[in-house]
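Colleague: The structure is given below, and queries will be raised subsequently.
The values are calculated or read from the model by the stated rules, or taken from the named source; none is laboratory data. All values reported here derive from a predicted model rather than from experimental measurement. Cβ: placed from backbone, ideal geometry, glycine included. Neighbour counts: every protein chain shown.
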Amino acid sequence: MRYHKIYEDSHFYIRISTNSKPVLTLADNFLDLAPPVARTKKGRRISLRLILNVGREETLKGGHVRIDQRTATVRARIPCFQERHKEYIAETYITQPIRSLLAGRGLFFLHAAAVRNKAYGVLIAGEQDCGKSTVSLALCRDGFYHLTDDKCFIRERRGDFSVVCLPTKIGFRTAMLKIFPSIKDMLIEGYRYGAKQRFSRADAISGSIHSEVRYKLLLFPRYSRKKSAALKPITKEDALYRLLSESFGVRDKRQTAQNFAALSMLVTYTDAYELTYNDLQLEKIPQALKAVTPDASGC
């Protein structure tokens with residue numbers, strides 16, 4: 001028996017076909033695309049197809065992925081489905097193939113959360129567990145709209161840059177429930193990986209914004225128990241260095257050059273800051289942003 005499902009929003013049209021119901025459940029608990037309110041022609045979106053077949057082996061060794069850039073299709077064989085390795089399966093057989101397909105189209109992965117309000121967008125970049133989700137949720141409590149937890153794709157276009165967000169369920173450390181208690185009832189039941197669980201942004205954040213927006217700020221969070229929320233400007237060279245250490249995962253020389261060009265445009269046209277924060281004063285994060293964007297109303 002085969003299972004099929006379409007995940008779509010204003011940017012993506014993703015078709016997943018699998019012989020495994022647990023894999024489809026995993027995709028439901030991982031991807032967080034919401035169909036666009038206004039009808040969008042499929043041809044204007046990024047159309048991808050993932051064919052994920054699961055075998056009956058006892059371990060995950062020996063899986064393989066084949067990517068066809070011409071048809072934008074991924075054909076993967078997963079040796080077996082193991083509940084305890086679901087995040088590895090999602091990363092290896094969903095996220096990584098999508099990254100490869102998009103790189104072939106000039107869209108390159110940026111490990112960053114993205115939020116926006118009516119006036120501007122904010123990218124929150126950094127290594128795993130640096131606080132991207134915490135900072136983005138703090139901003140959403142102040143009127144920002146959540147776009148993606150940690151999967152942005154950027155490209156250089158005519159001397160500028162554009163950002164496409166792939167929404168996934170938000171990864172949330174359960175220890176943070178003391179800061180965001182309302183999220184407890186939104187966590188996906190039974191879905192846990194390490195110290196984290198996931199929940200849908202649609203359950204936590206009301207409203208949406210469909211028009212394009214200019215990304216003005218690039219933040220690099222740094223947790224501090226002693227210091228209050230503060231923004232420290234960093235040079236464009238430093239910002240580019242930090243992004244390069246996180247973002248390069250392509251081997252094709254032409255794509256590597258395109259990736260570097262996109263990151264260069266990003267740091268050229270955004271203001272970059274190191275954001276120091278602590279869990280007890282999250283309300284000061286939006287205040288800090290407003291201090292450096294006095295011309296941007298609409299929060």
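Colleague: Evaluate region 102-117: report whether one residue or more is among the aliphatic types (A, V, I, L, M), farther than 20 Å from Leu26 by Cα and over 16 Å from the mean Cα position of the chain (by Cα).
Modeller: So far as region 102-117 goes, no, none of its residues is among the aliphatic types (A, V, I, L, M), farther than 20 Å from Leu26 by Cα and over 16 Å from the mean Cα position of the chain (by Cα).
Colleague: Taking Val23 as meeting all but one of (1) modelled with pLDDT of 95 or more; (2) assigned to a helix (DSSP H, G or I); (3) surrounded by fewer than 17 Cβ atoms within 10 Å (Cβ to Cβ), write down the number of the exception.
Modeller: Answer for Val23: the failing condition is (3).
Colleague: So, one more: Does region 82-101 include one or more residues that are of a type outside the set (A, V, I, L, M), part of a loop (DSSP other than H, G, I, E, B) and surrounded by fewer than 23 Cβ atoms within 10 Å (Cβ to Cβ)?
Modeller: Going residue by residue through region 82-101, those that are of a type outside the set (A, V, I, L, M) are 82-88, 91-93, 95-97, 99-100.
Remaining after also requiring part of a loop (DSSP other than H, G, I, E, B): 82.
From what is left, the residues that are surrounded by fewer than 23 Cβ atoms within 10 Å (Cβ to Cβ) are 82.
Yes - at least one qualifying residue is present in region 82-101.
Colleague: Mind checking which helices (runs of 4 or more DSSP H) fall wholly inside region 172-284 and carry at least 2 residues that are modelled with pLDDT under 90, over 20 Å from Val115 (Cα atoms) and out of contact with any Asp or Glu (no Cβ under 6 Å at 6 or more places or on another chain)? Give the steps one after another, and end with the answer.
Modeller: On the way: elements: 201-204, 236-247, 253-269.
Hits in region 172-284: 236-247, 253-269.
Colleague: OK, next. Just need a number here: residues in region 112-134 that are closer than 20 Å to Val164 by Cα and buried (at least 19 other Cβ atoms within 10 Å of the Cβ).
Modeller: Of the residues in region 112-134, 15 are closer than 20 Å to Val164 by Cα and buried (at least 19 other Cβ atoms within 10 Å of the Cβ).
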